[in-house]
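Quick notes on the structure that follows.
The numbers here are math on the coordinates, done by the rules we state, and not lab data. Fair warning: this is a prediction, and the values are worked out from it, not measured in the lab. Every residue, glycine among them, receives a Cβ derived from its backbone with ideal geometry; neighbour counts consider all protein chains shown.
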């Protein structure tokens, strides 16, 4: 039997989603030798309810569930109810949503305990307390119920990443489910080398979750981890899933040079890049990154409107983005950009500037993937959420209501500064911008690539002109992009 059952709920499963459940794996780093841990990633289970019931029948002491705001919560609640109905295990929620709204989360009768923030040390102490029937009072980072009353302990100080043991990949049931094969036949896997971000973007939960702090694994540790992944799992590609990888350019240089010095047979890509940092890269550093076979970086551009960039405290200008984009011309490094539309006070002119900037970046550097333009969603714990409330956004009052805060439900979300037609435009714009990118990095799917290539010219026209009259092709695009709640 497993003493502890860790669960990643099923939710909206995007095609090509091979992300490792790193949050769950990290939470177990200090207890794998002490307790029997079972990680149940229900995203990769065809019959997840049967898999869950089978594990519950073995009598775990408690079940830890990772949560994110949006559809993930629907399944998290459903899983919690099954746990309550089918076992005596306590239900522990962690992750982004529970951490940002711990008190509100505990109001739900299906949730017994919340782990707030980073969970490595907290989870170890919590496991000891639950399994040995000790009090929860005093365990930093834990919220709990006592005789029906919600209790909270102080937050836990940030952990030193370099003191943490390596991620316990071996407790996964089947690591092969998280390894993909790219177009070049190379096996790839995800990895994290840092946490947080020093920026103050008002729309982003990371600023609240990590208190605008950034911390890093040192270059030596990163290189050791990359070498381990290559040898252990026979991969030739690592996608570094950091919030903001390029904060410390000296570390970046050491990692790139280390890849070359160690002769690692590796290509690599990076999720998080901020244009204020990449624009400061020297030509020599760009050449070094290219030589080390960095092939992709994703930058949050957010808006083409100078006014909106100031509103969201992005700490860049449109010229910053233009200049940073040009740095990678003539290299094998492919920049991808992400934008957001529908901010409070955003006008049609602001939106047109965003579309114009997207195509300007594409014109300047033919090698980019222009990315997508997502509809703005007010997430709890962010300054822009408070502003949204001031503009009439009706904040969800329960976990169930937060589960409906998603792009697929965007028309129904009460966003008073947008009409229904404006919300519909932004949903169409999101799917259109995804599908005009046949080489979109996050989608490893032949059907997507074929459909995207065929529809790209029409969709580019729609995006340029914000013309979504009779968008018949977008219905199929949306269906291909993901399978709804699995």
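The residue pairs whose first member lies in region 448-462 and is under 21 Å from residue 182 (Cα atoms), whose second member is part of a helix (DSSP H, G or I), and whose beta carbons are closer than 6 Å, counting only pairs six or more residues apart or on different chains, are 448/480; 451/480; 452/435. Per the listing 31, 65, the residue uniquely over 21 Å from residue 189 (Cβ atoms), touching a residue at least 24 places away in the same chain (Cβ under 8 Å), in contact with a helix residue (DSSP H, G or I) (Cβ under 6 Å, 6 or more places away or on another chain) and not in a strand (DSSP E or B) is 31.
Residues are listed down the side, and each one gets a yes or a no for (1) crowded, with 21+ Cβ neighbours inside 10 Å; (2) within 24 Å of the chain's Cα centre (by Cα); (3) part of a helix (DSSP H, G or I):
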| residue | (1), (2), (3) |
| --- | --- |
| 360 | no, no, yes |
| 372 | yes, yes, no |
| 409 | no, yes, yes |
| 422 | no, no, yes |
| 456 | no, no, yes |
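Checked against the criterion of being in contact (Cβ under 8 Å) with a residue 40 or more places away in the chain and surrounded by fewer than 14 Cβ atoms within 10 Å (Cβ to Cβ), the candidates 118, 146, 173 yield just one match: 173. For region 380-393, check the following and say yes or no: at least one residue is more than 30 Å from residue 107 (Cα to Cα), surrounded by 20 or more Cβ atoms within 10 Å (Cβ to Cβ) and under 23 Å from the mean Cα position of the chain (by Cα). No, there is no match, as no residue in region 380-393 is more than 30 Å from residue 107 (Cα to Cα), surrounded by 20 or more Cβ atoms within 10 Å (Cβ to Cβ) and under 23 Å from the mean Cα position of the chain (by Cα).
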